[in-house]
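Here's the structure we're looking at; comments come further down.
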Amino acid sequence: MIIVLKSGASDGEIADVERRITAMGYRPHTIRGQLRTVIGAIGDDRGKERLRSLESLETVESVTPILQPFKLASREVRSANSIVRVGGVVIGGSKVVVMAGPCSVESREQVLEVAARVKAAGATVLRGGAFKPRTSPYAFQGLEEEGLKLLAEARRETGLPIITEVMEPDKIDVVAEHADILQIGARNVQNFSLLRKVGAAGKPVLLKRGMSTSIQEWLLSAEYVLSGGNPNVILCERGIRTFETTTRFTLDLNAVPVLKKLTHLPVVVDPSHGTGHWEYVESMAMAAVAAGADGLLIEVHPRPEEALSDGPQSLKPDRFAAVMARIARVARAVDRDV
Ligand code: PEP
Ligand code: MN
């Protein structure tokens, strides 16, 4: 339920309504807007009629049900866009944030070289996988903790915050120790124990869409993280499975305007996994920005032909720089900046 307070409600009055919500067995989630304070009452749907009695309070304007099954993620609860801050980087604001780097961290030289190159081209977050979710158990599985340390070194050298994937609940602490943003990969989007635990990790979370996950299921996954107490969730469209086989996945750019309508969370697009081929990354990156994405996640490798994972979809640094220049022009055309 959404409890809208009358404008000018004092801190004491807000605290009083929060106390009453808690006493009814719900968790208050308070959003202080410029004009009004809105409190989402989160909990078991069955007893929600009791919350309606709050309408009799002097300070309460209205009590209405949240119609969507996802609650904290819904625009019904928060109409303004959410902003996720990572160091000096603002995700969900007027600038399109480009996160770039290799699929996997492979060596010190590789990650430091690519970090310097993507920074020079205008990326503001460095990506790189240390724990890799590979389809085959015989494929390169990542440098694990050593990879995390190399990413941290690249951050010291460049100042770029880092995003890297966490695959298992018992690795969250070590990944969170090094990373600025925790990535939940497509294959783990419905790993509910992992989602609950990253909700409590205190670091922003980038939640990729699963390859067979509907937008509603994806937002319910985001709800696990949000309801675990972590408001800093970024959604990342990375392509879904369809009958089409000329591309690795089908990048669902419909998701961008649909999500912008349904949720206040920032939306990022990954044209690298979405297409699986470096030649298509530029077009889909530009299309994503034109569609209203708040950011891009792009794989860049100094020598894609030698990459230990996802070489065919990785851009060389020079091409990445050229793509950045074109993305910036598209961003300006839609009243954004890079
Ligand atoms: C990745 O970002 O390298 C990755 C494995 O992505 P996804 O989970 O989208 O496949
Ligand atoms: Mn990859």
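For the chain, which whole percent of the accessible surface, found with a 1.4 angstrom probe, sits on carbon and sulfur atoms?
Details: 7250 of 14640 Å².
C and S fraction of accessible area: 50 percent.
With a cut-off of 8 Å between alpha carbons and a minimum separation of six or more residues, what is the relative contact order of the range 130-185 in percent?
Numbers: 71 pairs, mean separation 18.6, N = 56.
Computed value for the range 130-185: 33 percent relative contact order.
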Amide H neighbours of residue 298 at under 5 Å, excluding residues fewer than 5 places away on the same chain, with H built from the backbone geometry, are 99, 100, 101
Long-range amide H partners of residue 61, meaning residues 5 or more apart or on another chain whose placed amide H is closer than 5 Å, are 4, 5, 6
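Starting from the eigenvalues of the Cα gyration tensor, five times each then square-rooted, give me the equivalent ellipsoid semi-axes of the range 1-82, largest first, whole Å. Don't skip to the end; give the middle numbers.
On the way: eigenvalues 60, 54, 21 Å².
For the range 1-82, the ellipsoid semi-axes come out as 17, 16, 10 Å.
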Note: residue 56 to residue 157 extended length (0.36 nm per residue) minus current alpha-carbon separation gives 30.5 nm
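For residue 325 and residue 258 in one chain, what is 0.36 nm times their gap in residues minus the Cα-Cα distance, to one decimal in nm?
Details: separation 67, 0.36 × 67 = 24.12 nm, distance 2.72 nm.
Gain in length upon complete extension: 21.4 nm.
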Computed over the range 44-138, the Cα gyration tensor eigenvalues, each multiplied by 5 and square-rooted, give semi-axes in Å (largest first) of 45, 20, 9
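Could you check what % of the DSSP bridge pairs in the chain are antiparallel, to the nearest 5?
Numbers: 18 of 45 bridges.
Antiparallel bridges make up about 40 percent of those DSSP assigns within the chain.
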For the range 259-335, averaging the sequence separation of alpha carbon pairs under 8 Å that lie six or more residues apart and dividing by its residue count, the contact order in percent is 31
Note, the range 193-200: 3J(HN,Hα) by Karplus (6.51, -1.76, 1.60, θ = phi - 60°), whole Hz, Gly/Pro = x, goes 5, 5, 4, 4, 6, 5, x, 9
Length gained if residue 112 through residue 333 is fully extended, taking 0.36 nm per residue and subtracting the Cα-Cα distance, is 76.3 nm
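Kindly report the accessible area of the range 1-55 per residue (heavy atoms of protein chains, probe 1.4 Å, no ligands, DNA or RNA), in Å². Could the numbers behind the result be given before it?
On the way: 3270 Å² over 55 residues.
Using a 1.4 Å probe on heavy atoms only, each residue of the range 1-55 averages 59 Å².
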Checked the range 75-219 against the a/c 1.5 cut and the a/b vs b/c comparison, axes a ≥ b ≥ c from its Cα gyration tensor; verdict oblate
Here, residue 168 and residue 6, labelled 7 Å along Cα→Cβ, have an inter-label distance in nm of 5.7
The alpha-carbon pair-distance distribution computed for the chain, with 10 angstrom bins and whole-percent values, is 6, 26, 32, 21, 11, 5, 0
Over 22 Å (Cα to Cα) among 149/203; 48/71; 48/203 -> 48/203
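The values are calculated or read from the model by the stated rules, or taken from the named source; none is laboratory data. A quick note: this is a predicted structure, and the numbers were derived from the prediction, not measured. Here Cβ is always computed from backbone atoms with ideal geometry, including for glycine, and neighbour counts include all displayed protein chains. Accessible surface is based on the protein model in full, side chains and every heavy atom, while ligands, DNA and RNA are left aside. Shrake-Rupley method; radii C 1.70, N 1.55, O 1.52, S 1.80 Å.
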